[in-house]
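The values are calculated or read from the model by the stated rules, or taken from the named source; none is laboratory data. None of these values were measured; they are calculated from a predicted model. Glycine gets a Cβ as well: all are built from the backbone with ideal geometry, and neighbour counts include every protein chain shown. These area figures cover heavy atoms from the full protein model, side chains too; ligands, DNA and RNA do not enter into them. Shrake-Rupley method; radii C 1.70, N 1.55, O 1.52, S 1.80 Å.
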Amino acid sequence: MPDAMTTTMTLPVISAALAGIILILQQILMLATGTRRGKTGQGVGVAGDVELERLARRHGNLAENSGIFIASLALLGLLIGSGMTVQILALVFLVARLSHALGFSTLRGSHGKIDGENAPGSVLFVALRAGGATLTALSGIALGGFILVNVWGYLPF
């Protein structure tokens, strides 16, 4: 019989907290998209409705990026605990996703121009959107790197 070994595992509470916040944001964005679909009678697609396109893209982009990031952050948290690295990655990702959603909160942010003209405030909203996308990418690359560094010694090659 193998020797009993005591191990302790730190629960990925930072990832869970991030997941809770992102889930609430996701539902708010989904409701905004669904409300627009209800008002316009548009089921699938956007049928040239730039407002619906903006809402659907904002909602979909959050869904595309959040699941894999949160699952990966939880794995890192299981590997190294919920220390400063996990906390910083979670905070940067949250700021990135909030910035991106805010940038997409107006047509100025999603399309930059309204009726062919630069809309007032478009530079700010486009910057929020682009900055959020950039921070999302950078936090994901950093997270992937931290995971690889922490599992490297366990890999069978």
Over the range 69-93, the set of residues without any contact (Cβ under 8 Å) to a residue 60 or more places away in the chain and open to solvent by 40 Å² or more (accessible area, probe 1.4 Å) is Ala71, Met84, Ile88, Leu91, Val92
Identify, from the list Ala16, Ala96, Ala47, the residue that is farther than 20 Å from Val151 by Cα, open to solvent by 60 Å² or more (accessible area, probe 1.4 Å), at pLDDT 95 or above and not basic (Lys, Arg). Ala16
Here the qualifying pairs (Cβ atoms under 7 Å; residues six or more apart or on different chains; first in the range 121-144 and free of Cβ contacts under 8 Å to residues at least 60 places away in the same chain; second assigned to a helix (DSSP H, G or I) and surrounded by fewer than 19 Cβ atoms within 10 Å (Cβ to Cβ)) come out as Leu128/Leu102; Leu135/Val92; Leu135/Val95
Over the range 46-89, the set of residues touching a helix residue (DSSP H, G or I) at 6+ places or on another chain (Cβ under 6 Å) and within 18 Å of Gly131 (Cβ to Cβ) is Arg54, Arg58, Leu62, Asn65, Ser66, Phe69, Leu89
